[in-house]
1. Would you mind stating whether residue 158 is assigned to a helix (DSSP H, G or I), open to solvent by less than 90 Å² (accessible area, probe 1.4 Å), among the acidic types (Asp, Glu) and modelled with pLDDT of 90 or more?
Amino acid sequence: MSVFDMREEKKEKVISLEEEKEQTYFNFQDYNIEKETAEKIIRKEGSIRNNLRQLDRNTRELSKSLYEIQQLLVNNKKGGFRAYLEYINISKDTAYRFIDKWNLFLETKQAKVFELPHSTVKNLKKEVQELKKEDENEKIIEIVEILESENVEEKLKEYKETKEDGNVIVIESLEEIEKRLKKIDKEIVKLTEKITKLEVEKNSLEQKL
C-alpha cells in the first residue's frame, strides 16, 4: 500500500478535490521546511497522487492486455506475438516485464506487484515456481506474506536467507517460533503426502512383477 493509499484510509469522510489538495500527512516541520515552501508542495500533492493512481491503473491494464494477447498467440509457430509487439512498438523485454507482473498477480492476488521493480517481481516469480514444483497445489502463503509486508525487498531477502540456512535458523521471539513451527508442520504434511504417493506407486509397480 502506497503512502497515498494510507492517506485515503485515514480520512473519516469524503471531501472535495480542492480540500483534499490542501491536506497532507507529511510533517514538514520535522525537516525545517518553511511554511511557504510547504504550502506550495501541498498544492502539488493532489496532482502527484492522481498521477500515481493513473500510473498504477495503466500498469495493471497494460500487463493484463499483453498477457491475454500472449495467451491468444501462444500456439502461433510463426512468431506472431513478437511480430505484434513490433507492430505496437513495444520491445519483447518490456512486454515480458509487464506479463511477469500479471502472472505474479494471478498467483498471489496482490495488487502490490504492479508497484514493484522488475528485479523483485522476477525473484518472487522464481520463488513461486520453485514452490509449485514441489506441489502443484501449493498456495504459496509465504510469497503472499512477503507481498503483504511493508518492505517487500527486505522480507524477500529474509525469506531467501532462511531457505539457504536450512535448519540453521536463529529464532528469538515467540512470534518467530510460532511462524517456524507452522512452517515445519506444513513441510511435514507435504512430505508425508509425497511419501504416501510414492508408497502407493511402489506397491502398484511391485504387483506387476
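The values are calculated or read from the model by the stated rules, or taken from the named source; none is laboratory data. Quantities reported herein were computed from a predicted structural model and do not represent experimental measurements. Because the Cβ atoms are built from the backbone with ideal geometry, glycine has one as well, and the counts that use them run over all protein chains shown. For the accessible areas, the whole protein counts, side chains as well, though only heavy atoms, and no ligand, DNA or RNA atoms are used. Shrake-Rupley method; radii C 1.70, N 1.55, O 1.52, S 1.80 Å.
1. no
Here is a yes/no grid of residues against (1) open to solvent by 50 Å² or more (accessible area, probe 1.4 Å); (2) without any contact (Cβ under 8 Å) to a residue 24 or more places away in the chain; (3) more than 21 Å from the chain's Cα centre (by Cα):
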position: 55; (1), (2), (3): yes, yes, no
position: 82; (1), (2), (3): yes, yes, yes
position: 92; (1), (2), (3): yes, yes, yes
position: 127; (1), (2), (3): no, no, no
position: 148; (1), (2), (3): yes, no, no
